[in-house]
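Working notes, beginning with the structure itself.
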Amino acid sequence: MSAPLIDIRGACKTFGGVRAVDDVSLQLHAGEVVAVLGHNGAGKSTLMKMLAGAHPMDAGELVIDGQPARIASPADSQTLGIETIYQTLALADNLDAIANLFLGRELVTRFGLLDDDRMEQAARQTLHRLNPNFANIRVPVRALSGGQRQIVAISRALYFKARVLIMDEPCAALGPEETRMVHDLVRRLKADGVSIFLITHDMPDVFGLSDRLSVMKNGKVVGTYRTADLTEDEVLAMIIGGRPVTRIEQRLAP
């Protein structure tokens, strides 16, 4: 069995007197989707924000590709090939898809000027990789559908060589057709070898997309299992009751 791409070992994070993440270990392998579930305040978002560089880890170890790693900022996370797709998508609504894809990381010519032609060509190639029919490349993203906005956010991550995506509620507030579009995107990314941490409350997302799932409650991991080994009722019982499923062995790795 190959070593995990991401190996979080005994992670802890405290805010004042509250331990938001308490001795959490979690792994992610190449080309794998791991769903991270739990009620609001369970610690899942804090755990992912540590991986994204938004919060420093108070204690624990992080091993990436078999090497010890330290993430102290979002730039550290991006350098390691980790990109985060927040629920808000962090897009500038008044700018078009090209400008959003390169926002803060614009390409320039050897004279230090914006290289608009190269950015447009790269944006078209990256956007069409996810959706060959994406045509609204020059309209402000506020005019795009929710599914199209997801494509822009994911394309930005892929252009900058993301090996790991953290996706926060990617289907929240989307209609059935747009949800299918996002599900197709996730499957395509997985087939291309991209690894995904999927934060979600939506059981169809969990059972339709994830290889494994990890349930958190009160800052701790309740259990980590292969998704195919569980029923929806068992997952909901872990989220609500905070007790592992005892009929099967926990799976820390696929």
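The numbers here are math on the coordinates, done by the rules we state, and not lab data. On a predicted model such as this, the values are computed, not experimentally measured, just so you know. Positions of Cβ are backbone-derived with ideal geometry, glycine not excepted, and every protein chain shown enters the neighbour counts.
Considering Cα pairs under 8 angstrom that are at least six residues apart, work out the relative contact order of the chain and quote it in whole percent. Write down the numbers at each step before the final one.
Working: 477 pairs, mean separation 65.8, N = 254.
Taking the mean separation of contacting Cα pairs over the length of the chain, I get 26 percent.
Using the alpha carbon gyration tensor of region 93-160, what are the three equivalent-ellipsoid semi-axes (square root of 5 times each eigenvalue), largest first, in whole Å? Numbers along the way, then the final one.
Details: eigenvalues 81, 31, 20 Å².
The three semi-axes for region 93-160 are 20, 12, 10 Å.
When only alpha-carbon atoms are used, what values of Rg and Dmax, in angstrom, describe region 53-145?
Cα radius of gyration and Dmax of region 53-145 are 16.7, 46 Å respectively.
Kindly provide the trypsin sites (Lys or Arg not before Pro) of region 100-154 that DSSP labels as loop, not H, G, I, E or B, and whose Cβ sees at most 14 other Cβ atoms within 10 Å. Don't skip to the end; give the middle numbers.
Details: sites: R105, R110, R118, R124, R129, R138, R142, R149; in loops: R105, R110, R138.
Answer by residue number: R105, R110, R138.
Counting only helical runs of four or more DSSP H residues, what would the 222 nm mean residue ellipticity of the chain come to if each run contributes -39,500 (n - 2.57) and the total is spread over all its residues?
Working: 8 runs with 82 residues, N = 254.
Counting only the DSSP helices, I get -9500 deg cm²/dmol.
Considering the convex hull of the alpha carbon atoms of region 125-194, report its projected area averaged over all viewing directions, in nm², one decimal.
Mean shadow area of the hull around the Cα atoms is 4.7 nm².
If I build a Gaussian network model for the chain, linking alpha-carbon pairs within less than 10 angstrom, which residue out of M48, M203, M216 has the largest mean-square fluctuation?
Top of the fluctuation ranking is M203.
Take each uninterrupted DSSP H stretch in the chain, measure its Cα extent along the helix axis, and return the ones at 15 Å or beyond whose mean Kyte-Doolittle hydropathy is at least 0.0.
Numbers: long enough: 116-130 (21 Å, -1.45); 146-159 (20 Å, 0.12); 176-191 (22 Å, -0.86).
Going by DSSP H runs, the hits are 146-159.
Go from 0 up to the bin containing the longest alpha carbon distance in the chain, width 5 Å each, and give me the % of pairs per bin.
Binned Cα distances yield the sequence 1, 6, 13, 17, 18, 16, 12, 8, 5, 2, 1, 0, 0.
Over region 47-91, what is the relative contact order in whole percent, taking alpha-carbon pairs under 8 Å and six or more residues apart?
Details: 39 pairs, mean separation 17.2, N = 45.
Over region 47-91, the number comes to 38 percent.
Semi-axes of the equivalent ellipsoid of region 134-173: what are they in whole Å, largest first, if each equals the square root of 5 times a C-alpha gyration tensor eigenvalue?
Details: eigenvalues 73, 43, 7 Å².
One finds semi-axes of 19, 15, 6 Å for region 134-173.
Trypsin sites (Lys or Arg not before Pro) within region 158-208: which are DSSP loop residues with at most 14 other Cβ atoms inside 10 Å?
Values: sites: K161, R163, R180, R187, R188, K190; in loops: K161, R163.
Those that pass, being in a loop and sparsely packed, are K161.
Which entries of K13/K190; K49/K161; K13/K217; K161/K220 have Cα-Cα distances beyond 26 Å here?
On the way: K13/K190 30 Å; K49/K161 19 Å; K13/K217 14 Å; K161/K220 31 Å.
Pairs exceeding the cut-off: K13/K190; K161/K220.
Where Rh is the Kirkwood radius over the Cα pairs of region 177-229, the temperature 20 °C and the viscosity 1.002 mPa s, what D in µm²/s does Stokes-Einstein return? Working shown, then result.
Details: Rh = 12.2 Å.
Value of D from the Cα-based Kirkwood radius: 176 µm²/s.
For region 107-175, which chymotrypsin sites (Phe, Trp or Tyr not before Pro) are both in a DSSP coil and crowded by at most 10 other Cβ atoms within 10 Å?
On the way: sites: F111, F134, Y159, F160; in loops: F111, F134, F160.
Counting only loop positions with at most 10 other Cβ atoms within 10 Å, the chymotrypsin sites (Phe, Trp or Tyr not before Pro) in region 107-175 are F111.
Would you mind computing the Rg to Rh ratio of region 11-103 from its alpha-carbon coordinates, Kirkwood style for Rh?
Working: Rg = 14.9 Å, Rh = 14.9 Å.
Dividing the radius of gyration by the Kirkwood radius yields 1.00.
Count the net charge of all other residues whose Cβ sits under 11 Å from the Cβ of A69, scoring Lys and Arg as +1 and Asp and Glu as -1. Don't skip to the end; give the middle numbers.
Numbers: positive: R70; negative: D7, E61, D65, D76.
Neighbour charge sum, excluding A69 itself: -3.
What does the charge add up to near V141, with Lys and Arg as +1, Asp and Glu as -1, over the other residues with Cβ less than 12 Å from its Cβ? Let's see the in-between values first.
Values: positive: R138, R142, R149, R156; negative: D93, D96.
Taking every other residue near V141 into account, the sum is +2.
So what's the net charge close to E234: Lys and Arg +1, Asp and Glu -1, counting the other residues with Cβ under 11 Å from its Cβ? Intermediate results must be reported in sequence, preceding the final value.
On the way: positive: R243, R247; negative: D229, E232, D233.
Neighbourhood net charge equals -1.
Sort out for me the Cα centre separation of region 45-59 from region 224-242, rounded to whole Å.
Using only Cα atoms to place each centre, the spacing works out to 25 Å.
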